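The structure appears below as structure tokens.
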Amino acid sequence: MLASRAAVYGLRCALWRGLSTGQRTLAAHGKGLTADVTDCSQPQYNSRLDTPLPDVPFVRSPSPEQRKLKEKEKGPWTNLSMEEKLALYRMTHELTYAEMRKGSDEWKTVLGGVFFFLGFTGLLVWWQRVYVMGDVPHTLSDEWVEKQTKRMLDMRINPVQGFATHWDYERKQWK
């Protein structure tokens, strides 16, 4: 009896605390978990085609080399080399338009996953056909269906709105 009480107490402590919402609320309010939270009230950088000018530059704290380049930027741009212009652009923007428009190869992974699951489903259907399902019942054979239809017509099953309305009883053929 003492062992069962100890087991119940242990399960209550171990499982119930993990499932109870009271402990999770404490964790959600900063008591147990720490999470990176983005402050949405501050301007943020984003690379999107529909917003060509982001709110803040890509590089927020430039290195000493980048600071020198920023000072050089204030002068005539004819003194800047192509690499320096590109470095200035990369300080402000992470990606060019061509890089943003470039598609990813994720479609190959998705298509591969779809084909994998279709193949697995095909194997499952084949396995069920071979090993689970038996032979087709004899009542689905053409002769049986023909005999059953003839019997139903002879018994005049549902002659008002059923399929017997399409049978001509005098000529013994379909209308």
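Since every read-out is calculated from the coordinates, none of them should be taken as a lab result. These numbers were taken from a predicted model, which means no experiment stands behind them. Positions of Cβ are backbone-derived with ideal geometry, glycine not excepted, and every protein chain shown enters the neighbour counts.
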Excluding near-sequence neighbours (fewer than 8 apart on one chain), region 44-103 holds lysine pairs with C-alpha atoms under 21 Å apart numbering 4
For region 84-99, 3J(HN,Hα) per residue [Karplus equation, 6.51 cos²θ - 1.76 cosθ + 1.60, θ = phi - 60°, Hz, x = Gly/Pro]:
5, 5, 5, 5, 5, 5, 5, 6, 8, 10, 6, 10, 7, 4, 4, 5
Ranking Tyr169, Tyr45 by Cβ neighbours within 10 Å, fewest first, what do you get?
Tyr169, Tyr45
What is the packing order of peptides 108-120, 126-138, 152-164, taking the mean over residues of other C-beta atoms within 10 Å and listing the highest first?
152-164, 108-120, 126-138
Given the C-alpha centroids of region 67-83 and region 36-60, what is the distance between them in whole angstrom?
25 Å
Name the long-range amide H neighbours of His93: under 5 Å, sequence gap of 5 or more, or other chain; modelled H, no Pro or chain starts.
Phe58
For the pair Trp174 and Met152, how long in nm is the line joining their label points, each one 7 Å along Cα→Cβ?
1.3 nm
